[in-house]
Amino acid sequence: MKILKHLVFAVAGFGFVAASQLALAQETPTVAPAGVQLVEAKDVQALQSKGAVVVDTRRANEYADGTIKGAISVPYDPEKSAKDANFDAAQDKFDLGKFPDKAKDIVLFCNSGTCWKSYKAAVVLAKAGYKSVHWYRNGFPDWKARKLPTE
């Protein structure tokens, strides 16, 4: 019985370690991709006050449930590529037609560091020649926690 108990704990411990490694692998990078600036909530507010386009890259239903006040919805969906910095954007769908001005400040966000949509959208915009791309990695949960304006 004692051996069985140790075996159960060993298997459970292994499962926990494997799950935590998988969770870590799902985190977006903590630095912005090439051609993109990582920003915090205060930066988003400053950029927005200067006319930046703030873009919610989450699904339309998430946007409808609440977003940063003044943000537009341009979902990075469906997101079929790997949740990895070397993802293949050709597998995904993101409407660049919503961003005609390549010189305009653009802030992209989604649901924090485990949400890859805004990271991937930032990469796609930077590679497409947009000059002022900003990535709000902490996203909507951080914005709400700070009690900043939502709609």
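Read-outs: derived from the displayed coordinates by stated rules, not from any lab. As the structure is a computational prediction, the values presented were derived from the model and not from experiment. For neighbour counting, all protein chains shown are included, and Cβ atoms are generated from backbone atoms with ideal geometry for every residue, glycine included.
Assorted remarks:
- Within segment 67-85, residues that are of a type in the set (S, T, N, Q) sit with their Cβ atoms under 6 Å from residues that are part of a strand (DSSP E or B) and crowded, with 21+ Cβ neighbours inside 10 Å, at 6+ positions apart or across chains, in these pairs: Thr67/Asp56; Ser73/Asp56.
- Top-ranked residue in segment 31-62 [being among the polar types (S, T, N, Q) and not in a helix (DSSP H, G or I); ranked as surrounded by the fewest Cβ atoms within 10 Å (Cβ to Cβ)]: Gln37
- Answer from Ala90, Ala85 - the residue that is of a type in the set (A, V, I, L, M), farther than 26 Å from Lys144 by Cα and not in a helix (DSSP H, G or I): Ala85
- Subset of segment 114-151 [assigned to a loop (DSSP other than H, G, I, E, B) and crowded, with 18+ Cβ neighbours inside 10 Å]: Cys115, Trp116, Tyr130, Arg137, Asn138
- Under the condition of being surrounded by fewer than 18 Cβ atoms within 10 Å (Cβ to Cβ) and assigned to a loop (DSSP other than H, G, I, E, B), the residues counted in segment 70-82 number 6.
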